């Protein structure tokens, strides 16, 4: 049965089997393809009529030609695709400047007596307790969300303190505690909204520069408000 052995492949690549460089007729994909076709034709002419190359072998060896000639085109296409994706990502990121994004964090910004945040739950909870703290770390309010489903649960805080006084606008933080059937849940995360002030780039990755001075990878954005 006819096959293309290592000696034949070495001849296609312009080298001898011992590793010593032989005469090279060109290493372009076109030159390699021409040599491959010439050797394959010679092989077909010299094959044993009683044991000819079967269709599967022919298909496999012809596929090698397509592979050789297509590698340069594939690499070029992949490079163009990568550049297009990076350009599209940069354009999409630029549209986020000035907008609010939801990401993991415990900050609350009270403006005009209103603040909004969210909680991520890995599983449903019978009770979710939100405790709010001022800049000094003192607890100023708390409230409970009942029967929260798994996923993201949103809340609004009106800035009212534990003694029913309206608190001043400004920066606060919150802590989340969730339970189900009397057991504390551990797959819980506080989430907050942050304004995007700008973009930065590092190692081919795009980052959002947030209003609180932190930097957020684009893939960490859970939601755009």
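The values are calculated or read from the model by the stated rules, or taken from the named source; none is laboratory data. On a predicted model such as this, the values are computed, not experimentally measured, just so you know. A quick note on method: Cβ atoms are made from the backbone with ideal geometry, for glycine too, and the neighbour counts reach across all protein chains shown.
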- Query: residue 213: assigned to a strand (DSSP E or B) and within 20 Å of residue 93 (Cβ to Cβ), yes or no?
  - Reply: no
- Just name the residue that is modelled with the lowest pLDDT out of those in the range 193-216 that are more than 26 Å from residue 170 (Cα to Cα) and surrounded by fewer than 16 Cβ atoms within 10 Å (Cβ to Cβ). 204
- Residues in the range 102-138 that are surrounded by fewer than 14 Cβ atoms within 10 Å (Cβ to Cβ) and part of a strand (DSSP E or B) total 3
